[in-house]
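Undergrad: Have a look at the structure that comes next, please.
The values are calculated or read from the model by the stated rules, or taken from the named source; none is laboratory data. For clarity, every value in this text was computed on a predicted model and none was experimentally measured. Every residue, glycine among them, receives a Cβ derived from its backbone with ideal geometry; neighbour counts consider all protein chains shown. Heavy atoms of the whole protein, side chains included, go into the accessibility calculation; ligands, DNA and RNA do not. Shrake-Rupley method; radii C 1.70, N 1.55, O 1.52, S 1.80 Å.
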Number of protein chains: 4
Amino acid sequence: MANNFFKKINEYKSSGFGSKIDHQPERFINYNGSVNVKKIGLSFFDHFSVFHFLVTINWLTFNSLVIASYLLANIFFGLSYWIIGIDEIGIKHDTAIEELMESIYFSAQTFSTVGYGRANPGSHLANIVAFSEMLVGMMYLALAAGLLFARFSRPVAKIVFSQKTLIAPYNEGKGVMVRLSNAKSNLLLEVEVKLLLVMNVMEKGKELRKFYDLKMEMSMINMLALTWTIVHPIDEASPLFNFDKDGLDKSKAEFMVLVKGYNNTLSQQVHSRTSYKYYDVEWNAKFSPIFEYKNGHTIVPVNKISQFEKVL
Amino acid sequence: MANNFFKKINEYKSSGFGSKIDHQPERFINYNGSVNVKKIGLSFFDHFSVFHFLVTINWLTFNSLVIASYLLANIFFGLSYWIIGIDEIGIKHDTAIEELMESIYFSAQTFSTVGYGRANPGSHLANIVAFSEMLVGMMYLALAAGLLFARFSRPVAKIVFSQKTLIAPYNEGKGVMVRLSNAKSNLLLEVEVKLLLVMNVMEKGKELRKFYDLKMEMSMINMLALTWTIVHPIDEASPLFNFDKDGLDKSKAEFMVLVKGYNNTLSQQVHSRTSYKYYDVEWNAKFSPIFEYKNGHTIVPVNKISQFEKVL
Amino acid sequence: MANNFFKKINEYKSSGFGSKIDHQPERFINYNGSVNVKKIGLSFFDHFSVFHFLVTINWLTFNSLVIASYLLANIFFGLSYWIIGIDEIGIKHDTAIEELMESIYFSAQTFSTVGYGRANPGSHLANIVAFSEMLVGMMYLALAAGLLFARFSRPVAKIVFSQKTLIAPYNEGKGVMVRLSNAKSNLLLEVEVKLLLVMNVMEKGKELRKFYDLKMEMSMINMLALTWTIVHPIDEASPLFNFDKDGLDKSKAEFMVLVKGYNNTLSQQVHSRTSYKYYDVEWNAKFSPIFEYKNGHTIVPVNKISQFEKVL
Amino acid sequence: MANNFFKKINEYKSSGFGSKIDHQPERFINYNGSVNVKKIGLSFFDHFSVFHFLVTINWLTFNSLVIASYLLANIFFGLSYWIIGIDEIGIKHDTAIEELMESIYFSAQTFSTVGYGRANPGSHLANIVAFSEMLVGMMYLALAAGLLFARFSRPVAKIVFSQKTLIAPYNEGKGVMVRLSNAKSNLLLEVEVKLLLVMNVMEKGKELRKFYDLKMEMSMINMLALTWTIVHPIDEASPLFNFDKDGLDKSKAEFMVLVKGYNNTLSQQVHSRTSYKYYDVEWNAKFSPIFEYKNGHTIVPVNKISQFEKVL
């Protein structure tokens, strides 16, 4: 065991969550699962993935970008037609502004491939611009189809974690407990969990940041239909053995929870993360039972997942 | 073994299929594989996934939604044009109703990007509405393409299970048997199976609901080309050792079968489930041979998969 | 080992490749990897998957279906317009046939959303049919996009197998050898292989069909860049120990090769299969070296993969 | 261990990275991860995958192909209309060239389904060509959508490797070290690494090329958030035990690094490779610490990943 832990410590040192305690970020993983890391040094596009960005931004931002790009494209092509001059422009052409507006309307009719035809390109130049805009419009549509599909088909599990980690009597000793559930109504299969601990410990008179892969009582379940309370039993092999609240607080401990499951409906792996700092730990408490039963169904009130009650 | 089972019991307690026997739903998993669980407590969209819904509803419902949304969009935009007034509307405009109808037709011509052009927007306002509708129409098409692809490309295996679990002589003792097959003509590879048992047992004078992960004689096959009879041998390590029909009935046992395979053609994992209650168990019966051979092919009559014959 | 083999035998009995030797198909797996199995007994659509079909048919058939469905849809809608009567039909309408042709052209203009507008619906009935056809056309396009993507993005590995299985001196004894390669220029990673043997053996005076999972000298390689000769060493644990050509022929042996790999470019698992009957076995032969080296590249002449030379 | 290494050697012999040292390519894997292998002997399309090609070419080439195919299609159909004669061609038809240009413009209006309608087919022949072009245009769009999605959704990890392999004191002995990171801002989960070594060794008086799967101190980490220095400890079981710089140079050693991880956002496996020749090895050096900390974030300057400092 000790050897295994030692290895894990090295592993995490290797992964760059280094062992020096100065200037460390306060926490590695935020409660929402994001990581406190920033990459620099290469060009913008080496660090940045356009597709990743367009797939992960929220719907409001995405829709705004769709609308903005549609507007920009049509303003660009509209201006081009206006400068070139469409031969048989639509009805109103009293002012240059109105002609520009008509050009933009015409651009949209070309871009979207509507093509009413009242306005249509008569000169070679205008025809060539329209010829190009048609291709751009087709590619815009093709791209939108791909992006919408990618956004929609992203893993839809929404793992909900208890707000606190509990440390409470468990079997003959104590245990670290986190409760989680899938808020979505779909079923997650083969759900696995890891509980990592990082804390400052004194070693040979030096304070070092150390990583531990905490042994779980159960690290996999066949399906996550209801809730799951994951447990690390604090036995003699545990790095938390003989720790009390004061000791844990001084160690500035952070518990990281990594969850992995399989969404059957969409044939997709689903991952989720969260983290608890020492001040998110509740001592001597256990999670309250929350299930209700109605019409042969088990009801899971996901909002009550953090409920606990004190134990002596 | 015992220790392993103990762990599994805890696992399932943790997963929320709790150990108390009061107010439990009659069965956890229905014969069709759905689970008797409902999530509440968060907002509707935390529990509900639009994509999940649109991908899993049947084709009749899906097509109705496509048609309904197309109608609604065109009624909305048609009304807008009608209120604004398209300058050069089509032929008939004797009545307001006919003008409204024409506006809806025109809306569809814009939405679908057909754009015949007889009717077309003349005023700035009408042009701006059309400008917007074009984008909506493009996105509608993009979305439809994504959804149709997602619906079509969902795993297509259709695992068929025998209607009964059989308990029959097996080797020197008895065995629990379920027969399954893939109704589809494609081949499933690396098919794995789990057989879980939940039943009420007396422990220290209290009746508890307990979960067991039953040991399979064979839990994986390289390909599921024909049928597969999965077997749990009831040996000394089995929680069913020394149980007879009466004992099983009193325990209100439920056998849950979880199947996982790989669809080679579509590069997809396929999962399926079913469950048998104690009253779905047939004692002293074995599955009848059902294969036929014709023209060098093995014929699998999938409808006969449940056929069994009594053994003494 | 023996125990393991025993288990495997049961496994395959369970999978329905039964142990009785009467009326068995001559071979289970064809050289091209397809399986000699047919499913019957349920309704057509329980056995048949439309998507599976449209994705796996060859391009000629697929394109013919695309064209046929396009023609049929436009003939259907063209007939509808013709019966209803489009108010302002195109130029030529001397004969009913020409009007029908014009109606079909108009249908295509609507279906494809081209909508030139010379012909366009004037009556309410014609407008309503066009309104419907626009939606059908959009869905047709959406479906085509999904299907084309699914067809194109199917795993592209093309595993090429040697035409013969060789049995030749290997280490101190003999070995069964098959050579394979990926004809495509992409790289397969983490390639795994299984070699299964089915043959008739005498047991307790009865001839039984038995299955064996042959132990491989190496069952996984990190990447399949060139060719790979898989080897089953015929040692004492092998079911082929002490077999000669006559013995193998009498056993009507069939060697089944299952290959699995990972296509890095497309993030897809790739599977392939083949099978060799006893008459596809070449005794006392080893595969000829086939690599050439040019300009720092290793050249793999995939067409020479079956080349072998006799050994004494 | 020795036995395991022996097996691995055979594995690689089997995979065709043969043991003869004559005429071998100078290196198997290039620094950018591509492999020095070429497949010949079958037909072009047996070796070549159109989809693979269209998905892996860079954006400039891809866009050029899109534009070229769009131009070619419209020149082809434009020529067809010009030869057939569109009845009511657009405005200008002074010269045959201008008519041809108009025909090409008209083709694009049909291909893209814009269909302004000023020019439109009047004769049966022209109508039938247009009827066909509409289908081609729809399929072009469908294909473009699929390809764009496939290109965009390819795994986006960009693993950056140190330019040199370091050999430096490690624990009580020495170790081979490579540092890597993910340049992209997304998180890779469950990252696994393999370090393979190929070198010429003297065996029974003959120089043979041998392959070794080097034992890693740590071969998997839960997440690759920062950098990861992978280490092969040169202990007694290592094939590099007792090697110094001269020995390694004479062996013409090549270290191959294979990395595999999981991109959570896109539910995709990500693979990467690189290789170091003996002249890419830096003796007695260790990687410099490169992290910075700002505003609670750990900053990873990916461009400094190769930085090392000499140790005695």
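Undergrad: I'd like to know if segment B:108-130 contains one or more residues that are within 20 Å of residue C:120 (Cα to Cα) and open to solvent by 30 Å² or more (accessible area, probe 1.4 Å).
TA: Yes: one or more hits.
Undergrad: Would you please name the residue that is nearest to the other protein chains (Cβ to nearest Cβ), looking only at residues in segment B:25-43 that are open to solvent by 60 Å² or more (accessible area, probe 1.4 Å) and among the polar types (S, T, N, Q)?
TA: Across segment B:25-43, the extreme among qualifying residues is B:43.
Undergrad: Looking only at segment D:285-312, which residues are of a type in the set (Phe, Trp, Tyr), open to solvent by 70 Å² or more (accessible area, probe 1.4 Å) and within 30 Å of the chain's Cα centre (by Cα)?
TA: If the condition is that a residue be of a type in the set (Phe, Trp, Tyr), open to solvent by 70 Å² or more (accessible area, probe 1.4 Å) and within 30 Å of the chain's Cα centre (by Cα), then D:308 is the only one that fits.
Undergrad: Could you tell me which of the residues D:124, D:93 is over 44 Å from the mean Cα position of the chain (by Cα) and away from chain C (no Cβ under 14 Å)?
TA: Answer to the selection: D:93.
Undergrad: For residue D:135, all conditions in the list (1) in contact (Cβ under 8 Å) with a residue 24 or more places away in the chain; (2) more than 9 Å from chain A (Cβ to nearest Cβ); (3) under 30 Å from residue C:134 (Cα atoms); (4) open to solvent by 10 Å² or more (accessible area, probe 1.4 Å) hold save one; what is the number of the exception?
TA: Against the list (1) in contact (Cβ under 8 Å) with a residue 24 or more places away in the chain; (2) more than 9 Å from chain A (Cβ to nearest Cβ); (3) under 30 Å from residue C:134 (Cα atoms); (4) open to solvent by 10 Å² or more (accessible area, probe 1.4 Å), residue D:135 comes up short only on (1).
Undergrad: Could you list, in sequence order, all residues of segment B:295-307 that are facing another protein chain (nearest Cβ under 8 Å) and more than 18 Å from residue B:224 (Cβ to Cβ)?
TA: Of everything in segment B:295-307, just one residue is facing another protein chain (nearest Cβ under 8 Å) and more than 18 Å from residue B:224 (Cβ to Cβ), namely B:296.
Undergrad: If I ask for residues that are open to solvent by less than 10 Å² (accessible area, probe 1.4 Å) and polar (S, T, N, Q), which ones from segment B:138-171 would you list?
TA: Residues satisfying the conditions are B:162, B:165.
Undergrad: Does residue A:180 fit the bill of being in contact with a strand residue (DSSP E or B) (Cβ under 7 Å, 6 or more places away or on another chain), among the hydrophobic types (A, V, I, L, M, F, W, C), more than 22 Å from residue A:236 (Cβ to Cβ) and more than 9 Å from every other protein chain (Cβ to nearest Cβ)?
TA: Yes: the conditions hold for residue A:180.
Undergrad: Test residue C:71 against the criterion of being in contact with a helix residue (DSSP H, G or I) (Cβ under 8 Å, 6 or more places away or on another chain), open to solvent by 20 Å² or more (accessible area, probe 1.4 Å) and of a type in the set (A, V, I, L, M, F, W, C), and give yes or no.
TA: So residue C:71 fails the test.
Undergrad: Which one of these is open to solvent by 10 Å² or more (accessible area, probe 1.4 Å), modelled with pLDDT under 90 and of a type outside the set (Val, Ile, Thr): B:190, B:282?
TA: Matching residue, one of B:190, B:282: B:190.
Undergrad: Which numbered condition in (1) open to solvent by 60 Å² or more (accessible area, probe 1.4 Å); (2) more than 26 Å from residue D:59 (Cβ to Cβ) is the only one that residue A:76 fails?
TA: The failed condition is (2).
Undergrad: Within segment D:138-166, restricting attention to residues that are more than 8 Å from chain A (Cβ to nearest Cβ) and among the hydroxyl-bearing types (Ser, Thr, Tyr), which residue is farthest from the chain's Cα centre (by Cα)?
TA: D:165
Undergrad: Sticking with this structure for a sec: Have a look at A:291, A:255, A:241 and point out the one that is out of contact with any Cys (no Cβ under 8 Å at 6 or more places or on another chain), within 14 Å of chain B (Cβ to nearest Cβ) and among the aromatic types (Phe, Trp, Tyr).
TA: A:291
Undergrad: I'd like the full set of residues that are among the basic types (Lys, Arg) and within 13 Å of another protein chain (Cβ to nearest Cβ), limited to segment C:202-215.
TA: C:209, C:215
Undergrad: Given the conditions (1) touching a strand residue (DSSP E or B) at 6+ places or on another chain (Cβ under 8 Å); (2) modelled with pLDDT under 90, which single one is not true for residue A:305?
TA: Residue A:305 satisfies every listed condition except (2).
Undergrad: Modelled with pLDDT of 90 or more, under 23 Å from residue A:182 (Cα atoms) and surrounded by fewer than 22 Cβ atoms within 10 Å (Cβ to Cβ): does that describe residue A:267?
TA: For residue A:267, the condition - modelled with pLDDT of 90 or more, under 23 Å from residue A:182 (Cα atoms) and surrounded by fewer than 22 Cβ atoms within 10 Å (Cβ to Cβ) - is not met.
Undergrad: So which residues in segment A:154-199 are part of a loop (DSSP other than H, G, I, E, B), within 30 Å of residue B:192 (Cα to Cα) and in contact (Cβ under 8 Å) with a residue 12 or more places away in the chain?
TA: Of everything in segment A:154-199, those that are part of a loop (DSSP other than H, G, I, E, B), within 30 Å of residue B:192 (Cα to Cα) and in contact (Cβ under 8 Å) with a residue 12 or more places away in the chain turn out to be A:154, A:155, A:156, A:157, A:158, A:183, A:184, A:186, A:187.
Undergrad: If you scan segment C:173-192, which residues turn out to be on the phi > 0 side of the Ramachandran plot and touching a helix residue (DSSP H, G or I) at 6+ places or on another chain (Cβ under 7 Å)?
TA: Selection gives nothing.
Undergrad: To continue, here is another question. Residue by residue through segment C:110-121, note down the ones that are among the polar types (S, T, N, Q) and either more than 10 Å from chain D (Cβ to nearest Cβ) or within 17 Å of residue C:80 (Cβ to Cβ) (or both).
TA: C:110, C:112, C:120
Undergrad: Taking into account only those residues within segment C:44-68 that are more than 12 Å from every other protein chain (Cβ to nearest Cβ) and open to solvent by 70 Å² or more (accessible area, probe 1.4 Å), which is modelled with the lowest pLDDT?
TA: Of everything passing the filter in segment C:44-68, C:58 is modelled with the lowest pLDDT.
Undergrad: Now a separate question. Out of the residues in segment A:200-258 meeting the condition of being of a type in the set (Phe, Trp, Tyr) and free of Cβ contacts under 8 Å to residues at least 24 places away in the same chain, tell me which one is least open to solvent (accessible area, probe 1.4 Å).
TA: Result: A:243.
Undergrad: While we're on this one: Is it the case that residue C:86 is of a type in the set (A, V, I, L, M, F, W, C), facing chain D (nearest Cβ under 10 Å) and either outside any helix (DSSP H, G or I) or open to solvent by 20 Å² or more (accessible area, probe 1.4 Å) (or both)?
TA: Answer is no for this residue.
Undergrad: Let me ask something additional. Are there any pairs with C-beta distances below 6 angstrom linking a residue in segment A:297-312 that is without any contact (Cβ under 8 Å) to a residue 24 or more places away in the chain to a residue that is of a type in the set (Asp, Glu), with the two at least 6 apart or on different chains, and if so which?
TA: Here the result reads A:299/A:292, each pair linking segment A:297-312 to a residue that is of a type in the set (Asp, Glu).
Undergrad: Ok, one more. From the list B:218, B:199, pick out the single residue that is under 29 Å from residue A:265 (Cα atoms) and within 11 Å of chain C (Cβ to nearest Cβ).
TA: None of the other options fit; the residue is B:218.
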